[in-house]
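Below is one structure, written out as structure tokens, with a few remarks after it.
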Amino acid sequence: MPVDVLALGAHADDIELTCGGTLIALKERGHSFGIVDLTRGEMGTRGTAETRAREAKRAAEILGAAFRDTLDFGDGGLRVDRENELALIELIRRERPRLILAPYPEDRHPDHRRAGELVTDAAFYAGLRKIETESPAHRPQQTIYFSTAYIHAPTFVVDVTAAMDRRFEAIRAYKSQFHDPASAEPKTLLSQESFLKAIEGRARHFGFLIGAEFGEGFVSKRPPRIDDPVSAFEGFEPGF
Ligand SMILES: [Zn+2]
């Protein structure tokens with residue numbers, strides 16, 4: 001069964017922290033989606049690859065994903081090579097998504113940058129018939145990008161107000177990663193209480209831009225079609 005949307009991140013929790021609300025909102029509109037984490041997260045300061053796998057599975061259930069796959073491209077040194085590119089090409093051909101969500105290929109974390117480049121290239125190559133893998137050629141309509149550490153001016157913003165409670169429930173499924181006063185594990189940037197507040201703050205800011213309580217911003221190399229620019233800006237703070 002093909003999915004409408006495939007969301008790919010470098011590490012489990014990247015998707016929940018950046019575009020989980022959009023996935024929930026897309027599902028509400030009848031679009032199916034799958035999640036692929038390119039690494040097992042084995043280099044994370046807190047938790048182990050095993051605990052993270054359990055947390056990721058639970059988070060995917062909360063979001064409503066059709067499936068979640070974990071690849072092993074190497075955490076803390078994600079490998080961009082032909083073998084991994086071909087594995088991604090076959091995965092994209094097998095799932096036949098119309099839309100791909102990927103990390104913006106410029107970021108503080110090199111794994112995010114590499115994942116963004118690898119996915120962008122694989123989505124294009126997946127359409128070339130003469131690159132042979134098990135499944136027939138398929139090229140998604142578009143790859144769109146979510147920002148992780150570095151923020152990029154969004155090409156468009158999705159209203160995720162109705163999805164925010166569930167999105168945070170999915171984020172909290174990663175108990176080993178985020179703020180837990182009872183945890184004896186080393187403190188990290190992500191485990192500070194302020195981190196989740198910043199994630200919420202970012203969603204509030206993107207939402208403010210479109211006159212919604214919460215939003216998620218995306219960069220696209222071509223703009224989406226807007227049929228009615230008048231109604232497209234209704235409900236916004238006037239005069240920006
Ligand atoms: Zn990450």
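All but one of (1) at pLDDT 95 or above; (2) basic (Lys, Arg); (3) more than 21 Å from GLU28 (Cα to Cα) hold for LYS175; which doesn't?
(1)
Of a type in the set (D, E, K, R), closer than 22 Å to PRO105 by Cα, in a loop (DSSP other than H, G, I, E, B) and modelled with pLDDT under 95: does that describe ARG79?
No; evaluated as a whole, the condition is false for this residue.
Please give the number of the condition LYS57 fails out of (1) closer than 22 Å to GLN177 by Cα; (2) touching a residue at least 24 places away in the same chain (Cβ under 8 Å); (3) more than 15 Å from the ligand (Cβ to nearest atom); (4) in contact with a strand residue (DSSP E or B) (Cβ under 7 Å, 6 or more places away or on another chain).
Among (1) closer than 22 Å to GLN177 by Cα; (2) touching a residue at least 24 places away in the same chain (Cβ under 8 Å); (3) more than 15 Å from the ligand (Cβ to nearest atom); (4) in contact with a strand residue (DSSP E or B) (Cβ under 7 Å, 6 or more places away or on another chain), the lone unmet condition for LYS57 is (2).
With respect to the numbered conditions (1) at pLDDT 95 or above; (2) among the charged types (D, E, K, R); (3) part of a loop (DSSP other than H, G, I, E, B), which one is the sole condition not fulfilled by ARG40?
The single condition ARG40 does not satisfy is (1).
Only one of these is modelled with pLDDT of 95 or more, assigned to a helix (DSSP H, G or I) and not small (Gly, Ala, Ser): PHE168, PHE195, PHE218. Name it. Please lay out each step first, then the result.
Values: PHE195 fails: modelled with pLDDT of 95 or more; PHE218 fails: assigned to a helix (DSSP H, G or I).
Step by step, each of PHE168, PHE195, PHE218 is checked, and only PHE168 is modelled with pLDDT of 95 or more, assigned to a helix (DSSP H, G or I) and not small (Gly, Ala, Ser).
I'd like to verify a number: residues in segment 146-162 that are away from the ligand (no atom under 15 Å from the Cβ) and closer than 23 Å to ARG52 by Cβ, how many?
0
The rows are residues; the columns are (1) surrounded by 10 or more Cβ atoms within 10 Å (Cβ to Cβ); (2) closer than 27 Å to ILE100 by Cβ; (3) touching a Pro at 6+ places or on another chain (Cβ under 7 Å).
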| position | (1), (2), (3) |
| --- | --- |
| THR188 | yes, no, no |
| ARG202 | yes, yes, no |
| GLY217 | yes, yes, yes |
| LYS221 | yes, yes, no |
| ALA232 | yes, yes, no |
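If we scan segment 126-135, do we find a residue that is away from the ligand (no atom under 16 Å from the Cβ), over 19 Å from ARG222 (Cβ atoms) and not in a loop (DSSP other than H, G, I, E, B)?
No: zero hits.
The values are calculated or read from the model by the stated rules, or taken from the named source; none is laboratory data. Everything quoted here is computed from the prediction, not taken from an experiment. Note: ideal-geometry Cβ built from the backbone for every residue, glycine included; neighbour counts use all protein chains shown.
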